[in-house]
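A short write-up of the structure that comes next.
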Amino acid sequence: MTRLVIAVDGPAASGKGTIAHGLAQEYGLPCLDTGLLYRAVGVRALQQAGEVHEAAATAAARALDPTHLEDPQLRTRSAGELASQAAVFTGVRAALLDFQRQFAAQAGGAVLDGRDIGTVICPDAIAKLFVTASPEVRAERRWRQLSQAGEAITFEDILADIRRRDERDSHRSAAPLVQAEDAVLLDTSKMSISQAADAARRIVEAARTQRS
């Protein structure tokens with residue numbers, strides 16, 4: 001049986017996490033939200049050093065334990081900003097590379113979502129998706145998510161966050177956010193969750209057929 005590794009990349013709040021978990025359930029595969037790794041590193045670096053500088057972030061990445069990913073604080077808006085700050089450091093990305101590749105190397109395969117899965121972590125993944133949506137749509141989704149979680153934040157602030165993170169993630173020197181040449185673009189701006197999930201499944205099935 002061929003190992004099925006699915007790489008799901010895209011910018012913040014594009015829907016890639018929801019799509020990745022749906023695909024994992026569809027194919028009975030483990031799923032890793034790699035953004036949580038960087039959120040955990042950013043949060044722990046801030047806690048231990050008072051700021052997310054390279055030395056503190058790299059040390060936090062090297063000491064990362066899977067149990068750290070269970071911290072509910074990692075789902076907050078501030079943790080997302082800290083993750084984007086930590087992800088620019090080459091040392092952080094190198095420290096987390098093996099963690100992610102070992103997860104992808106599981107017997108039956110795995111689904112990983114992030115920003116450099118198809119380009120750096122799993123360049124040989126059978127299926128690669130690049131999930132995106134307009135900044136305004138992504139900001140609306142994130143605003144609703146955070147508001148429901150009890151965070152007091154305006155749509156305008158979230159939109160500014162989204163645009164700032166897009167700029168930082170796309171222009172960092174280490175593994176920038178970019179669509180892999182062999183990834184299929186999936187724009188979810190005008191899709192419901194079920195429509196996006198169905199489109200993603202069709203992309204995976206087409207990739208599997210092409211590989212068989």
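Brief remarks follow.
- Gyration tensor over the Cα atoms of the range 20-104: the corresponding equivalent ellipsoid has semi-axes (square roots of 5 times the eigenvalues, largest first) of 23, 14, 10 Å.
- Net charge of Cβ neighbours under 11 Å - reference G91; Lys, Arg +1; Asp, Glu -1: +1
- Amide H within-cut-off set for V131, under 5 Å, with H built and near neighbours excluded: D9, G10, L186
- Its relative contact order, with pairs defined as Cα atoms under 8 Å and 6+ residues apart, puts the range 133-208 at 27 percent.
- Between E26 and R164, the simple label model (points 7 Å from Cα in the Cβ direction) yields a spacing of 3.5 nm.
- From the Kirkwood radius over Cα pairs of the range 50-169, Stokes-Einstein at 10 °C and 1.306 mPa s returns a whole-number translational diffusion coefficient of 98 µm²/s.
- Take the Cα of T209, step 7 Å toward its Cβ, do the same at A55, and the gap between the two points is 5.6 nm.
- Overall Cα dimensions of the chain - principal axes, largest extent first, Å: 51, 35, 29
- Across the chain, the relative contact order, built from alpha-carbon pairs under 8 Å that are at least six residues apart, equals 32 percent.
- Sorting I203, I193 from the fewest to the most surrounding beta carbons within 10 angstrom yields I193, I203.
- Residue by residue, the range 40-47 carries 3J(HN,Hα) couplings of 5, 5, x, 5, 5, 5, 5, 5 Hz when phi is fed to the Karplus relation 6.51 cos²θ - 1.76 cosθ + 1.60 (θ = phi - 60°); x denotes Gly or Pro.
- In units of the rule-of-thumb radius 2.2 N^0.38 Å, the range 166-212 shows an alpha carbon radius of gyration of 1.47.
- For the chain, the dipole from Cβ point charges (+1 on Lys and Arg, -1 on Asp and Glu) about the Cα centre works out to 260 debye, to the nearest 20.
Coordinate-derived values only; no laboratory data. Quick caveat, the model's predicted, so the values are computed rather than measured. Cβ coordinates were reconstructed from backbone atoms using ideal geometry, including for glycine residues, and neighbour counts include every protein chain displayed.
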